[in-house]
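The values are calculated or read from the model by the stated rules, or taken from the named source; none is laboratory data. Keep in mind it's a predicted model, so treat the numbers as computed, not measured. With ideal geometry, Cβ positions are generated from the backbone for all residues, glycine too; neighbour counts draw on all protein chains shown. Remember, those area values only see protein heavy atoms, side chains included, never the ligands or the DNA or RNA. Shrake-Rupley method; radii C 1.70, N 1.55, O 1.52, S 1.80 Å.
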Amino acid sequence: MDTHAHDRRRFLALGAALAATPLLSACGTGFGGGDDKSDGSAADDVTGSFDWKREKGTTVKALLNKHPYTDALIADLKSFTEKTGIKVEYDVFPEDNYFDKLTVDLSSGRASYDVFMLGAYMVWQYGPPGWLEDLGPWMRNSSATAAEWDQADFFPNLLQADQWSLKAGAPLGQGGQYALPWGWETNVVAYNTEVFKKLGLRPAETFDELRDIAGTIKRKAPGAGFDGMYGIAVRGSRSWATIHPGFMTMYARNGLKDFTVEGGRLTPAMNSPEAVAFTRDWAGMVKQGGPPSWTSYTWYQCSSDLGAKKAGMLFDADTAAYFQAVEGASPASGKIAFHPGPKGPDGSLATNMWIWSLGMNARSKRKSASWLFLQWATGKEHLRRSAITHNHIDPVRRSIADDPAYKDKMRHLPGFIETFETVVDQTKIQFTPQEQFFDATTSWAAALQEIYGGENAKSVLNGLAGDLADKVG
Amino acid sequence: MGWRPALRPYLLIVPALLLTCGILYPFGLGLYYTLFDFSASKPQPDLVRLENYTTVFTQEAFWNSAWVTVLYAVGAAVVETVLGVSVALLLHRSSVIGRVLEKILILPLMIAPVIAAIIWKLMLQPSVGVVNHLLRPFGLGGVQWTDTPTGALLSSIAVDVWVYTPFVAILALAGLRSLPTSPFEAAAVDGAGWWYTFRRLTLPMLWPYVLVAVIFRFMDSLKVFDIIYALTEGGPGDSTVVLQIRAYLEAIRFQRYSFGISYTIVLWAVVYLAAMVLVKHLGKIQRKAAEVK
């Protein structure tokens, strides 16, 4: 009996040891392992004359975000397959889940997707761990890149926004090209022409005027026949996405910085006296003229409120207003006009941008075919078709922005082309590039919510700056 | 004895052993990762031993999240228990209506909590939501349900209550229907009133069932993520950032993997200790209930 029990204990011990083996081996190999990075680029393997059919028969896998730009891309994929013989398989995820899906996929070290959509801010997060292919060598290799791709045709600020040296605080436009601009958005003010006419208002040229108009609309519009209308729609959810459109644009126009950089060291600057005053005023504007339940507002609510005639103005991406302004899209379509928005005290129209870019997985096994796809997707032919026959507006290429067919299409939207042309050269990434961007801006949004809720702006922003100093310093 | 009968006991424990390994392996791996400073920016990390835990415990953000988590869990568990037992008592009294209502009552449990939170987010929207629309005739149409820290926490608890009260009610109802009838008949013969019978007979005998529901709901509420994230994303400010949301933000959104896992390990320890205490208490309650029977 004793022997039997002893045997059972031995058996259990053996079982436990076997169970622990993978754990121990995991300890040994550690954290993803298998990092076979080399200094050379796969672009160097492409030689000879350029040929669109070079990778005929290959299948490229793409991860895409649900967006009108994506719809335009998918609608035109047949022409890519005809041109190259390459098939594209894709998954589309809604924006709420898209970046989590992409982050988890890239960080797992797999190459489930060869190409994907990303924003310039994501380069700061995905670039340093080595998840993104440097597209610079591909762009420079004439065997890999068609002459008609015409790099010089891109708006230079857009191309630079996806270029970074991977060093915190270093300016954009230097180092590797970790993504290509594909579609972008500039942040401007869109307004309901009906309510402006009825209340005798003109678009704001200063921030004080904007705050004033927002409050006026909220007070007077419901009595003037615009039931339930408030002044200005701006984002307010506890997310990085709240900071980057209208807020960061106006913040930058006031000459304010998120961080100061000295000797490669970043110091939070969102608690400077000027930044505190601006943030207090912004929260005050939202309180006086913003949407009810602002703390849950994403771009979608802002955009749909403008379309539903619930908001008199929208300070956000021009595309968010465009999708409501096109004929038949919403009750407000035909009554939405565009304006660059308030200038800073020195007349600045510095504007923060969002770029939907396309990037390549550094672990992709089909880099040559993926590069052909990226070239086609960011090329003149596809982007022109997408801009003119679909809703891929805000062209990343100068030739499309100047194309008469594109201008004809956009001309019926009051102020759109004029606004675009006014801000295009002053639109750039207004944030300081650094890896902790998402932590910093999410905390910043939380701070903004607290100030909106009545907390003291100075103490909240001092707390934020103190917290961030340890993380980014 | 032949080799086959001798082997049988070992073969019988193989499924349990595999199951245990399947649970312990990821848990152990997670625990192991917390000893390093593993993040996206440090794919080949250094061993930092317990530094992640000391950082967690010295962060003001952790204590804020811990406090919010406890408030949420206690609030949700208490309200759900009181409401659930009350509903069960009502349904138990009326057999025809009760059976119809039972079927309706179970509906919230069939909806994924995240979907329920999204539905409630729309319903609580101040200007177009149905809740304010219904309150408008009473002069309460302008409530900003999730815009204030207290409002956001209470709204989140309310959604939790809406989803999970039926769970408590169904458990309590099953308990009520399994109670012996003779003590109640004796009490009726003695002329005992409803309140006396409820206090001295029903409640003591029902307690084990109620406590099982409380254990489930309290543990689940400590681990809440979906309802709060869909409703408030943790805001306004940090007012509804419970420990799970903090862990998610750290590990997934900010890619500080080790640090994020440390949060979940701390949460696991809290849930484990709370469950141990409650289960021990359940034993005592069960013994007392048996004495009443």
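Before moving on, here are some points about what is shown:
Table: residues versus (1) open to solvent by 10 Å² or more (accessible area, probe 1.4 Å); (2) of a type outside the set (Asp, Glu); (3) in contact (Cβ under 8 Å) with a residue 24 or more places away in the chain.
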position	(1), (2), (3)
A:325	no, yes, yes
A:328	yes, yes, no
A:331	yes, yes, yes
A:339	yes, yes, yes
A:349	yes, yes, yes
A:358	no, yes, yes
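- Test: residue in the range A:289-297 that is without any contact (Cβ under 8 Å) to a residue 24 or more places away in the chain and within 14 Å of chain B (Cβ to nearest Cβ): yes
- Counting residues in the range B:175-182 that are part of a helix (DSSP H, G or I) and buried (at least 19 other Cβ atoms within 10 Å of the Cβ) gives one or more.
- Scanning the range B:64-77 for residues that are away from chain A (no Cβ under 14 Å) and open to solvent by 40 Å² or more (accessible area, probe 1.4 Å) turns up B:67, B:70, B:71, B:74.
- Of the numbered criteria (1) among the hydroxyl-bearing types (Ser, Thr, Tyr); (2) away from chain B (no Cβ under 14 Å); (3) part of a helix (DSSP H, G or I), the one residue A:441 fails is (2).
- For the range B:115-133, a tally of residues being hydrophobic (A, V, I, L, M, F, W, C), open to solvent by 60 Å² or more (accessible area, probe 1.4 Å) and within 12 Å of another protein chain (Cβ to nearest Cβ) returns 3.
- Among the residues listed as A:63, A:102, the single one being in a strand (DSSP E or B) and touching a residue at least 24 places away in the same chain (Cβ under 8 Å): A:63
- Within the range A:101-142, being farther than 19 Å from residue B:44 by Cβ, open to solvent by 30 Å² or more (accessible area, probe 1.4 Å) and within 13 Å of another protein chain (Cβ to nearest Cβ) holds for A:101, A:104.
- On the stretch given as the range B:239-273, residues that are outside any helix (DSSP H, G or I), open to solvent by 10 Å² or more (accessible area, probe 1.4 Å) and facing chain A (nearest Cβ under 8 Å) total 1.
- Answer residue from the range A:453-465, given it is within 10 Å of chain B (Cβ to nearest Cβ) and assigned to a helix (DSSP H, G or I) and is most open to solvent (accessible area, probe 1.4 Å) among those: A:463
- Count - residues of the range A:263-308 that are open to solvent by less than 30 Å² (accessible area, probe 1.4 Å), assigned to a helix (DSSP H, G or I) and of a type in the set (S, T, N, Q): 4
- Conditions (1) away from chain A (no Cβ under 12 Å); (2) open to solvent by less than 20 Å² (accessible area, probe 1.4 Å); (3) closer than 30 Å to residue A:286 by Cβ; number of the one not met by residue B:84: (3)
- The single condition among (1) open to solvent by 50 Å² or more (accessible area, probe 1.4 Å); (2) farther than 18 Å from residue A:252 by Cα; (3) more than 9 Å from every other protein chain (Cβ to nearest Cβ) that residue A:450 does not satisfy is (3).
- Screening B:149, B:236 for residues that are in contact with a Ser or Thr (Cβ under 7 Å, 6 or more places away or on another chain), open to solvent by 20 Å² or more (accessible area, probe 1.4 Å) and within 14 Å of another protein chain (Cβ to nearest Cβ) leaves exactly one candidate, B:149.
- Every condition in (1) part of a helix (DSSP H, G or I); (2) open to solvent by less than 20 Å² (accessible area, probe 1.4 Å); (3) not basic (Lys, Arg) holds for residue B:229 except the one numbered (2).
- Neighbours by Cβ (under 6 Å, 6+ apart or cross-chain): first from the range B:46-66, under 27 Å from residue B:153 (Cα atoms); second among the basic types (Lys, Arg) and exposed (fewer than 15 other Cβ atoms within 10 Å of the Cβ): none
- Condition check for residue A:348: among the polar types (S, T, N, Q) and either on the phi > 0 side of the Ramachandran plot or part of a loop (DSSP other than H, G, I, E, B) (or both): yes
- Yes/no for residue A:317 being in contact (Cβ under 8 Å) with a residue 40 or more places away in the chain, hydrophobic (A, V, I, L, M, F, W, C), open to solvent by less than 10 Å² (accessible area, probe 1.4 Å) and touching an Asp or Glu at 6+ places or on another chain (Cβ under 6 Å): yes
- Among the residues examined, residue A:98 qualifies as within 14 Å of another protein chain (Cβ to nearest Cβ) and either among the basic types (Lys, Arg) or surrounded by fewer than 23 Cβ atoms within 10 Å (Cβ to Cβ) (or both).
- Qualifying residue in the range A:376-390 (condition: more than 20 Å from residue A:118 (Cα to Cα) and in a strand (DSSP E or B)): no
- Test result for residue A:123, of a type in the set (A, V, I, L, M) and part of a helix (DSSP H, G or I): yes
- Every residue from the range A:315-339 that is assigned to a loop (DSSP other than H, G, I, E, B) and within 16 Å of residue A:409 (Cβ to Cβ): A:326, A:327, A:328, A:329, A:333, A:334
- Scan of the range B:181-209 for residues that are farther than 17 Å from residue B:291 by Cα and not hydroxyl-bearing (Ser, Thr, Tyr), ordered by number: B:185, B:188, B:189, B:190, B:191, B:192, B:193, B:194, B:195
- Residue satisfying condition, being within 14 Å of chain A (Cβ to nearest Cβ), touching a strand residue (DSSP E or B) at 6+ places or on another chain (Cβ under 8 Å), surrounded by fewer than 17 Cβ atoms within 10 Å (Cβ to Cβ) and farther than 24 Å from residue A:466 by Cβ, within set B:24, B:29, B:35, B:47: B:47
- Within the range B:134-146, restricting attention to residues that are assigned to a helix (DSSP H, G or I) and surrounded by fewer than 14 Cβ atoms within 10 Å (Cβ to Cβ), the residue that is nearest to the other protein chains (Cβ to nearest Cβ) is B:136.
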